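Trainee: Pasting a structure below so you can have a look.
The values are calculated or read from the model by the stated rules, or taken from the named source; none is laboratory data. Just so it is clear, the model here is predicted, and its values are computed rather than measured. Positions of Cβ are generated from backbone atoms using ideal geometry, with glycine treated the same way; all protein chains shown enter the neighbour counts. Ligands, DNA and RNA are stripped out before the accessible areas are found, and what is left, the full protein with its side chains, is counted by its heavy atoms. Shrake-Rupley method; radii C 1.70, N 1.55, O 1.52, S 1.80 Å.
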Amino acid sequence: SVGALVPAVLVGVVGVAFGAWQLYAGTRPPEAVVSASTLTISGLYSTTVRRQDVVRVTLEDRLTIGRKVQGFGGGRYLRGYYEIEGLGRALVFLSRDTPPYVVLHTSTQPVVIGFDEPARTRGLHDQLRQAWMLGPPSP
């Protein structure tokens, strides 16, 4: 009957719209804004990392990404929580196979950021080191 068909179609339309939004949001590059006390990452799985929670910041040329715990994995884009060898469960915002990667080792869990353009990733690393007085920039 038509009465049963309308809710089913509505649920289908909402599901397709949500899926399209997830795909769009998951493939958009994250925005990273550095201040003296925080790093704010916007986009899918946005977060704010407080400087006081950061133990160290590293620039890694290689990461072995394991299973997805919760998140988006569309093509080469990863957003959300993934198991990473040597780090455990981490919040990631990265383009797979596009090193380097900025790793923020925090008191709770690592946060990993990697952009499509390696120079942009290195620039974020340098910005963090300078704003948070962590030593000289990357080579």
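Trainee: Looking only at residues that are open to solvent by 50 Å² or more (accessible area, probe 1.4 Å) and free of Cβ contacts under 8 Å to residues at least 40 places away in the same chain in segment 86-125, which one is farthest from Val33 (Cα to Cα)? Before the answer, list the steps.
Mentor: Applying the first criterion (open to solvent by 50 Å² or more (accessible area, probe 1.4 Å)) to segment 86-125 yields 86, 89, 96-97, 99, 107-108, 116-117, 119-120, 122.
Next, only the ones that are free of Cβ contacts under 8 Å to residues at least 40 places away in the same chain stay: 86, 89, 96-97, 99, 117, 119-120.
Numbers: Gly86: 27, Arg89: 23, Arg96: 21, Asp97: 23, Pro99: 20, Glu117: 17, Ala119: 16, Arg120: 12 Å.
My answer is Gly86.
Trainee: Test each condition in (1) open to solvent by 50 Å² or more (accessible area, probe 1.4 Å); (2) without any contact (Cβ under 8 Å) to a residue 24 or more places away in the chain; (3) out of contact with any helix residue (DSSP H, G or I) (no Cβ under 7 Å at 6 or more places or on another chain); (4) not acidic (Asp, Glu) for Ser37 and report the one that comes out false.
Mentor: (3)
Trainee: Taking the residues in segment 44-58 that are closer than 19 Å to Ser95 by Cα and open to solvent by 50 Å² or more (accessible area, probe 1.4 Å) as candidates, determine which candidate is modelled with the highest pLDDT.
Mentor: Selected residue: Ser46.
Trainee: Give the residue that is surrounded by the most Cβ atoms within 10 Å (Cβ to Cβ), with candidates limited to residues of segment 76-85 that are of a type outside the set (A, V, I, L, M, F, W, C) and within 14 Å of the chain's Cα centre (by Cα). Give the steps one after another, and end with the answer.
Mentor: Kept after step one, since they are of a type outside the set (A, V, I, L, M, F, W, C), are these residues of segment 76-85: 76-77, 79-83, 85.
Now narrow it down to the ones that are within 14 Å of the chain's Cα centre (by Cα): 76-77, 79-83.
Values: Arg76: 12, Tyr77: 21, Arg79: 25, Gly80: 17, Tyr81: 17, Tyr82: 22, Glu83: 14.
Across segment 76-85, the extreme among qualifying residues is Arg79.
Trainee: Filter segment 48-75 for residues that are in contact (Cβ under 8 Å) with a residue 12 or more places away in the chain, within 13 Å of the chain's Cα centre (by Cα) and closer than 17 Å to Thr108 by Cα and give the result.
Mentor: Val49 - this is the single residue of segment 48-75 that is in contact (Cβ under 8 Å) with a residue 12 or more places away in the chain, within 13 Å of the chain's Cα centre (by Cα) and closer than 17 Å to Thr108 by Cα.
Trainee: When only residues in segment 14-34 that are at pLDDT 70 or above and of a type in the set (A, V, I, L, M, F, W, C) count, which is nearest to the chain's Cα centre (by Cα)?
Mentor: As a first pass, look at segment 14-34 and keep what is at pLDDT 70 or above: 14-15, 29-34.
With of a type in the set (A, V, I, L, M, F, W, C) added as a condition, the list becomes 14, 32-34.
Numbers: Val14: 26, Ala32: 10, Val33: 13, Val34: 15 Å.
Result: Ala32.
Trainee: Just the residues that are modelled with pLDDT of 95 or more and part of a loop (DSSP other than H, G, I, E, B), please, taken from segment 110-139.
Mentor: Pro110
Trainee: Is it the case, given these coordinates, that Arg89 is of a type in the set (D, E, K, R) and modelled with pLDDT of 95 or more? Write out each step before concluding.
Mentor: Numbers: of a type in the set (D, E, K, R): yes; modelled with pLDDT of 95 or more: yes.
The answer is yes for Arg89.
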